[in-house]
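Notes follow the structure.
The values are calculated or read from the model by the stated rules, or taken from the named source; none is laboratory data. Just so we're clear, the structure is a prediction, and the values are computed from it rather than from any experiment. We place every Cβ from the backbone using ideal geometry, glycine too, and count neighbours over all the protein chains shown. These area figures cover heavy atoms from the full protein model, side chains too; ligands, DNA and RNA do not enter into them. Shrake-Rupley method; radii C 1.70, N 1.55, O 1.52, S 1.80 Å.
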Amino acid sequence: MRRRRVNTNPLNTSDEEAKPEYSSFVLFASENRVFAVCLAVRIVNALLIQTYFNPDEHWQALEVAHRMAFGYGHLTWEWKKGIRSYLHPMLFALLYKILALLHLDTPLVMIKAPRLLQSVFSAVGDLYLYKLSHVLFDGHVAKWALFCQWTNWFMFYCFNRTLSNSLETVLTLVGLYYWPCMRVSSGNVHSVSRKRGLVVAALACAIRPTSAITWLYVGLLELLVTRDRLRFIFLEVLPIGVLMLGFTCLLDRWMYDSWILVPLNFLKFNFLSSGGDYYGTHKWHWYFTSGFPVMLFTWIQFSFVGIMKYKHWKLSGLIVWVLALYSVLGHKEFRFVLPVLPVALIFSGYNLADTERADRKRKSALNVHSKWPSKTQFTVFFLLVTNIPMALYMSLVHQRGAEDVMNYLSKEAQNEKVKSILFLMPCHATPYYSTLHCNLPMRFLDCSPREDKELDESDRFLSDPVGFTSEIAKNGSLPSHVVLFSSEEILLRDLLISYSYKEVQQFFHAHFKVDRDLQASVSVYALTGQ
C-alpha cells in the first residue's frame, strides 16, 4: 500500500531545489554535528568576551555561587530581602566546587570557566533554535536561522554571559520547541512533548519569575487549541508547577535558613511596589522604539519582512506580547527581552532562505552566471560588516577596564601584594570576590534602595568625591589599594597622594560614556611602604 507523501516544505520549492542546498552543507547532516558546531562557536564566543556589561552577571550569579562554594562573597540587598532564588547560582557553585576539588581554581580558570560553562548552555539554545526552525519551516531555513543567531551582535555580546536572562533564553528556545501550540499543525505532536515543555517553562520561571510573561502567553494559546483542557490544567500544569515550586522552595529554605517564597517577594518588589524604578526608568515605548531595535540592529528589516511573508502570528505575537508587558514596568533593560530576540531572528532566517531560493530560481530560469554578487550574497555581506565589528568591539573593547582591573588584582592578591581594597566608583562597577578569589577585606560604595529620601553612598560620593573620600580616610584604616574611574581620579589625585598613595596601574575602559560622565579608564592606587 502506497503511503501518501506529505509536503513539509512551506516555501513551496521542489525537492530537487531544496535538497542540494541542505545536503551540501555537511555540518548540518545530523543534530549531533549541529550541536558540535554550535558548541565550537560558543566556546570561541566565550573566550572573546572580555568586557563588563551588566552587574548582575557577576553580583547575582557568580558572586553568590562563590559564597556558596567557598564560604566568602558578597550578597547584595536582594538576597537579604529574599527576592532571588539560589537555583541559578547553584549551577556555578557546582562548577566552582569541581574546580576546587581538582585544584584548578587558579585566577585564569576562575575567570574563564563560568563563561565556558555558559557556552554549553548557549550551544543547547542554538541547537533548539535550529530544531524549532526546522519543524516550523525546513532544514534550509533552520540553517539560515542559526546563521542569524550567530552573527547578531547582541546575541554574540550577551548570550554567553552568566546572566539569568541568558539561561532563561536557552530555556525559552527549548520550551517553544516542545509546546504543540507553537507548531503550524499540532495534531501529530505526542502528549509527552507538552509535558516536557511544561517542565522547561516551570524551570525558566523558577530561575526568573518574569519568565512567566512568556509562558502565560504560550499556556493560553495551548488552552485555546487543545481538546483536553481539563487534563492540561489539572493533570499537567498544576502537578508540574507545584513540584517545581516545591523543589525551589526547599532549595531556598536550605540556603536562606527560613521559608522564603521567592516568586511572591519578587512580584511584590518589582510589580506591586515598582521597586526596580529605583535604578532608573524609561518611557513606556522604549522597547519598541529603542531597546529591541538596537538589539536587532541591521536585522530588523529582515525580521519584519520575514514576519509579513510567513504570517506565523502565534510566534510573532509572542514578541509583541513580551515587549508590551515589559513596557508596563518603569525600569527597562535590554537583557529583559533577550528571550524573544532569537524568535525575531528565526523570521530573519526565513527571509534569507526565501531570498536565496529566489536567487537560485532566477539564475536557473535565465541560465546565466553573472559576475555580480547575488542579492543573497550582498545581504549577507551587509549583515556581516554591520554586526561583526559591533560584536567584537562590544565584547573586546567597550568597558573592559572593569574586568581587567580585577584580573590584575587577582594575580597581585595571589602573590600577597594586596591586603585590602576600596572601590571609589559607582556601586557594582566591577566584579568582586568571584574574580579576586582571595578572602581579603574589600569595600565598595553601597547603593541599596533606601526607604528614606537620603542619598546612598554611591550618590554621595559622585556628588562630592573629595569630601566623601576624606571622611572615609579619617574614620577608618587606609586600604592597601584604591580603585577608581578616571573621571573621579582627576579630582582625587592630590588627596590620594597626600595619604601616600601612588598610581601603579591604569586600564583602558571606554571610548564613550554610557549613563554618567566618560569613564575612560580605571586607575589603581597603592599605599606606598606596603
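Have a look at Y432, L492, A473 and report the one farthest towards the positive end of the charge dipole of the chain, computed about the Cα centre with Cβ charges (Lys/Arg +1, Asp/Glu -1). Checking the options against the dipole of the chain, the answer is Y432. Accessible surface computed residue by residue for the stretch 317-443, with neighbouring protein chains in place and a 1.4 Å probe, gives 42 Å² per residue. Simple spin-label estimate for F288 and D459 gives 3.1 nm between the two label positions (7 Å along the Cα-to-Cβ direction from each Cα). For a quick check of your reading of the filter: which trypsin sites (Lys or Arg not before Pro) in the stretch 441-517 sit in a DSSP loop and have no more than 15 other Cβ atoms within 10 Å? Those that pass, being in a loop and sparsely packed, are R450, K453, K513, R516. Look at the dipole of the stretch 162-319 built from charges on Cβ: of I319, W259, T248, the Cα furthest out on the positive end belongs to I319.
Taking the Cα centre of the stretch 327-420 as origin, work out the dipole magnitude from +1 charges on Lys and Arg Cβ and -1 charges on Asp and Glu Cβ, in debye rounded to 20. The partial results should precede the final answer.
Working: 13 positive and 8 negative charges, 100 e Å.
That gives the stretch 327-420 a dipole magnitude of about 480 debye.
For the stretch 150-255, the solvent-accessible area works out to 41 Å² per residue, with a probe of 1.4 Å and every protein chain left in place. Of all DSSP bridge pairs formed entirely within the chain, close to 65 percent run antiparallel. Projecting the Cα atoms of N45, Y217, L235 onto the charge dipole of the chain (Cβ charges, centred on the Cα centre) puts L235 farthest toward the positive pole.
Placing a pseudo-label 7 Å from each Cα along the Cα-to-Cβ vector at K311 and S374 gives an inter-label distance of 2.7 nm.
Maximal additional length on extending the T106-Q505 stretch stands at 141.5 nm, based on 0.36 nm per residue less the C-alpha distance.
Using R₀ = 22 Å, calculate the FRET efficiency as 1/(1 + (r/R₀)^6) where r is the Cβ-Cβ separation of L116 and Y72; round to 0.05. The partial results should precede the final answer.
Numbers: r = 23 Å, r/R0 = 1.06.
So, using R0 = 22 Å, E works out to roughly 0.40.
Could you give the dipole magnitude of the stretch 443-528 about its Cα centre, charging the beta-carbon of Lys and Arg +1 and that of Asp and Glu -1, in debye to the nearest 20? Walk me through the intermediate numbers first.
On the way: 9 positive and 15 negative charges, 69 e Å.
For this selection, approximately 340 debye.
If you take the Cα centroid of the stretch 290-313 and the Cα centroid of the stretch 462-484, the two points sit 49 Å apart. About its Cα centre, the dipole of the stretch 235-325 is roughly 440 debye, where the only charges are +1 on Lys and Arg Cβ and -1 on Asp and Glu Cβ. Summary of packing: across the peptides 141-153, 303-315, 61-73, the per-residue average of other C-beta atoms within 10 Å ranks them, highest first, as 141-153, 61-73, 303-315. Placing a label point 7 Å from the Cα of L94 along the Cα-to-Cβ direction, the residues of the stretch 227-263 whose backbone N falls under 18 Å of that point are 244-255. The share of accessible area on the chain that comes from carbon and sulfur is 62 percent, using a 1.4 angstrom probe. Membrane-span-like helices in the chain (whole DSSP H runs, Cα extent of at least 27 Å along the helix axis, mean Kyte-Doolittle hydropathy of at least -1.0): 107-136, 341-366, 375-396. The distance between label points at V192 and I233 comes to 2.8 nm (points 7 Å beyond Cα on the Cα→Cβ vector).
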